[in-house]
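Remarks on the structure that follows.
The values are calculated or read from the model by the stated rules, or taken from the named source; none is laboratory data. These numbers were taken from a predicted model, which means no experiment stands behind them. FYI the Cβ positions are ideal-geometry reconstructions off the backbone, even for glycines, and counts take in every protein chain you see.
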Amino acid sequence: MSRVSARIAAIAESATLAVDAKAKALKAAGRPVIGFGAGEPDFPTPDYIVEAAAAATRVVANHRYTPAAGLPELREAIVAKTKRDSNYEITADQVLVTNGGKQAVYQAFASIIDPGDEVLLPSPFWTTYPECVQLAGGKTVEIFADETQNYLVTVEQLEAARTPKTKALLFCSPSNPTGSVYSVEQVKAIGEWAVKNNIWIISDEIYEHLLYDGATAPSLPVLVPALADTCIIINGVAKTYAMTGWRVGWMIGPKDVIKAATNLQSHLTSNVSNVSQRAAIAALTGDLSAVHKMGEAFNRRRKLIVGLLNEIPGFVCPTPTGAFYVYPSVKGVLGTTIRGKTPKTSAELATLILEEVEVAAVPGEAFGPSGYLRFSYATSDEDIVEGIGRIKKLITEG
């Protein structure tokens with residue numbers, strides 16, 4: 001008899017966290033590693049948010065249990081923020097505050113998926129999505145869009161993958177890992193297709209404020225109101241406000257689904273840390289000036305890293321219009337000999353780059369097919385220049 005359940009044993013380690021942990025371990029050992037692995041802003045959380053948290057620690061009520069669905073004040077702040085940023089009108093009983101967006105993703109699938117249900121998963125995809133589907137008893141059906149499509153799937157591809165078992169579609173725009181953003185027309189067409197075929201959409205909006213070159217990220221139920229009763233929105237403060245460690249996310253959806261997910265959370269984790277919730281209230285009710293300032297830095301770095309990557313022979317890097325990732329194809333490098341080694345997959349290439357020039361990137365196998373690397377440009381301009389420069393020197397050596 002196995003010591004670990006088959007269900008849990010089947011879960012793969014988070015590839016992005018594994019790469020980041022390896023880079024940090026090497027750096028701690030004194031090696032000059034430059035890490036492009038973690039999807040984490042390198043800015044500190046804005047001072048006014050930190051100060052709100054500090055004040056919250058001195059309020060005794062925050063030392064106690066609070067409602068599993070979230071502090072009423074935070075749920076109301078999420079209602080107001082959703083109207084402000086998305087022009088989507090919801091009520092507080094459509095909101096569940098979770099321990100980060102990752103828990104919201106799992107609970108969304110757990111709340112609507114039964115064993116055998118299929119979930120359409122556009123690829124490249126965030127590494128956690130398929131694991132959450134599997135834990136919920138569902139089956140992922142991957143739909144790949146390569147760099148010639150700017151990593152964006154079409155309605156025709158979705159329809160070709162649909163079966164009588166299709167229950168839901170995972171939609172993420174701006175995308176992790178590619179930074180690609182669907183146009184308004186594409187979003188509307190996908191939403192209308194889902195309504196026509198009675199398919200749920202779980203829409204991850206965590207990167208909604210990280211947009212460039214005039215790109216927009218409209219919320220699906222706003223463009224397609226008929227979708228409101230079969231759509232769950234995932235969001236949180238992590239990426240927008242540089243609050244990854246505070247662990248505050250939320251899900252928005254139909255009242256019955258939110259009630260079911262709240263019941264699950266009441267047994268799973270109870271309430272989110274009250275101090276973190278108070279910090280999130282400060283973030284959502286404050287202005288977006290700090291967010292815009294971080295966005296300006298990300299935009300500068302985006303242009304810098306795309307330009308540098310496209311100078312490397314065999315790398316083809318589309319220009320993303322959202323998030324803080326680039327996703328170059330490295331298929332032109334695979335099969336070539338580099339310092340006596342011939343990487344045949346992007347996983348082998350990523351290992352070679354880390355071992356030879358101490359630069360950490362996440363291989364495409366973490367997000368779908370081989371042949372790609374993900375670089376997060378949530379790091380300094382200096383590290384971008386130095387890190388990509390090391391890779392270029394390695395590749396051009398032959």
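Give me the residue from the range 37-56 that is at pLDDT 85 or above and under 19 Å from the mean Cα position of the chain (by Cα) and, out of that set, surrounded by the most Cβ atoms within 10 Å (Cβ to Cβ).
Going through the range 37-56, the residues at pLDDT 85 or above turn out to be 37, 40-56.
This time we only want the ones that are under 19 Å from the mean Cα position of the chain (by Cα), so: 37, 40-43, 45.
Values: 37: 26, 40: 18, 41: 22, 42: 17, 43: 14, 45: 20.
Looking at the filtered set, the residue picked out is 37.
Determine whether residue 273 is exposed (fewer than 15 other Cβ atoms within 10 Å of the Cβ), in contact (Cβ under 8 Å) with a residue 24 or more places away in the chain and farther than 28 Å from residue 211 by Cα.
Details: exposed (fewer than 15 other Cβ atoms within 10 Å of the Cβ): no; in contact (Cβ under 8 Å) with a residue 24 or more places away in the chain: yes; farther than 28 Å from residue 211 by Cα: yes.
No.
Which one of 11, 34 is touching an Asp or Glu at 6+ places or on another chain (Cβ under 6 Å), assigned by TED's automatic domain parsing to the domain that holds residue 323, closer than 30 Å to residue 295 by Cβ and surrounded by 11 or more Cβ atoms within 10 Å (Cβ to Cβ)? Full working, then the answer.
Working: 11 fails: closer than 30 Å to residue 295 by Cβ.
One residue alone meets the criteria, 34.
Identify all residues within the range 101-149 that are β-branched (Val, Ile, Thr) and not in a helix (DSSP H, G or I); write none if there are none.
Here is the first cut: in the range 101-149, the residues β-branched (Val, Ile, Thr) are 105, 112-113, 119, 127-128, 133, 140-141, 143, 148.
Those that are β-branched (Val, Ile, Thr) and not in a helix (DSSP H, G or I): 113, 119, 127, 140, 141, 143.
Which of the following residues is assigned to a strand (DSSP E or B), modelled with pLDDT of 95 or more and either among the aliphatic types (A, V, I, L, M) or not assigned by TED's automatic domain parsing to the domain that holds residue 321 (or both): 169, 158, 152? Step through it out loud before you land on a result.
Values: 158 fails: assigned to a strand (DSSP E or B); 152 fails: assigned to a strand (DSSP E or B).
Result: 169 is the single residue among 169, 158, 152 that is assigned to a strand (DSSP E or B), modelled with pLDDT of 95 or more and either among the aliphatic types (A, V, I, L, M) or not assigned by TED's automatic domain parsing to the domain that holds residue 321 (or both).
Yes/no per residue for (1) of a type outside the set (Lys, Arg); (2) farther than 17 Å from residue 294 by Cα; (3) under 21 Å from the mean Cα position of the chain (by Cα); (4) buried (at least 24 other Cβ atoms within 10 Å of the Cβ):
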{"position": "198", "(1), (2), (3), (4)": "yes, yes, no, no"}
{"position": "204", "(1), (2), (3), (4)": "yes, yes, yes, yes"}
{"position": "222", "(1), (2), (3), (4)": "yes, yes, no, no"}
{"position": "226", "(1), (2), (3), (4)": "yes, yes, no, no"}
{"position": "233", "(1), (2), (3), (4)": "yes, yes, yes, yes"}
{"position": "236", "(1), (2), (3), (4)": "yes, no, yes, yes"}
{"position": "241", "(1), (2), (3), (4)": "yes, no, yes, yes"}
{"position": "247", "(1), (2), (3), (4)": "no, yes, yes, no"}
{"position": "253", "(1), (2), (3), (4)": "yes, yes, yes, yes"}
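Among the residues of the range 1-20, which ones are in a loop (DSSP other than H, G, I, E, B) and either more than 27 Å from the chain's Cα centre (by Cα) or of a type in the set (S, T, N, Q) (or both)? Give the steps one after another, and end with the answer.
First, the residues of the range 1-20 that are in a loop (DSSP other than H, G, I, E, B): 1-5, 10-14.
Matches in the range 1-20: 1, 2, 3, 4, 5, 14.
Checking the condition free of Cβ contacts under 8 Å to residues at least 12 places away in the same chain and not assigned by TED's automatic domain parsing to the domain that holds residue 240, which residue from 53, 25 passes?
So the residue among 53, 25 that is free of Cβ contacts under 8 Å to residues at least 12 places away in the same chain and not assigned by TED's automatic domain parsing to the domain that holds residue 240 is 25.
Could you please give the count of residues in the range 354-376 that are of a type in the set (Gly, Ala, Ser) and assigned to a helix (DSSP H, G or I)? Spell out how you get there, then give the answer.
Looking only at the range 354-376, we keep the residues that are of a type in the set (Gly, Ala, Ser), and these are 360-361, 364, 366, 368, 370-371, 376.
From the residues that got through so far, the ones that are assigned to a helix (DSSP H, G or I) too are 364, 366.
Total satisfying the criteria: 2.
Is it the case, given these coordinates, that residue 77 is hydrophobic (A, V, I, L, M, F, W, C), at pLDDT 95 or above, assigned to a helix (DSSP H, G or I) and out of contact with any Leu (no Cβ under 8 Å at 6 or more places or on another chain)? Talk me through it step by step, then tell me what you get.
On the way: hydrophobic (A, V, I, L, M, F, W, C): yes; at pLDDT 95 or above: yes; assigned to a helix (DSSP H, G or I): yes; out of contact with any Leu (no Cβ under 8 Å at 6 or more places or on another chain): no.
So residue 77 does not fit the description; no.
Could you check how many residues of the range 151-173 are surrounded by 18 or more Cβ atoms within 10 Å (Cβ to Cβ) and in contact with a Ser or Thr (Cβ under 7 Å, 6 or more places away or on another chain)?
Residues in the range 151-173 being surrounded by 18 or more Cβ atoms within 10 Å (Cβ to Cβ) and in contact with a Ser or Thr (Cβ under 7 Å, 6 or more places away or on another chain): 2 in total.
Of the numbered conditions (1) among the small types (Gly, Ala, Ser); (2) within 16 Å of residue 204 (Cβ to Cβ); (3) modelled with pLDDT of 95 or more, residue 70 satisfies every one except a single condition; which is it?
Condition (2) is where residue 70 drops out.
Identify the residue in the range 281-314 that is among the β-branched types (Val, Ile, Thr) and assigned to a helix (DSSP H, G or I) and, among all such residues, is modelled with the lowest pLDDT. Reasoning before the result, please.
Within the range 281-314, the subset among the β-branched types (Val, Ile, Thr) is 281, 285, 291, 305-306, 312.
Of the ones still in play, those that are also assigned to a helix (DSSP H, G or I) are 281, 285, 291, 305-306.
Numbers: 281: 98, 285: 97, 291: 93, 305: 98, 306: 98.
Once the filter is applied, the top-ranked residue is 291.
Checking the structure you have, find out if any residue of the range 87-97 is among the hydrophobic types (A, V, I, L, M, F, W, C), in a helix (DSSP H, G or I) and over 30 Å from residue 367 (Cβ atoms).
Of the residues in the range 87-97, the ones among the hydrophobic types (A, V, I, L, M, F, W, C) are 90, 92, 95-97.
Okay, now just the ones that are also in a helix (DSSP H, G or I), so 92.
Still in the list and also over 30 Å from residue 367 (Cβ atoms): 92.
For the range 87-97, residues among the hydrophobic types (A, V, I, L, M, F, W, C), in a helix (DSSP H, G or I) and over 30 Å from residue 367 (Cβ atoms): present.
Only one of these is β-branched (Val, Ile, Thr), outside any helix (DSSP H, G or I) and more than 27 Å from residue 215 (Cα to Cα): 351, 336, 319, 379. Name it. Outline the logic, then answer.
Working: 351 fails: outside any helix (DSSP H, G or I); 319 fails: more than 27 Å from residue 215 (Cα to Cα); 379 fails: more than 27 Å from residue 215 (Cα to Cα).
Answer to the check: 336.
Against the conditions (1) without any contact (Cβ under 8 Å) to a residue 24 or more places away in the chain; (2) touching an Asp or Glu at 6+ places or on another chain (Cβ under 9 Å), where does residue 123 fall short? Just the number, please.
Status for residue 123: all satisfied but (1).
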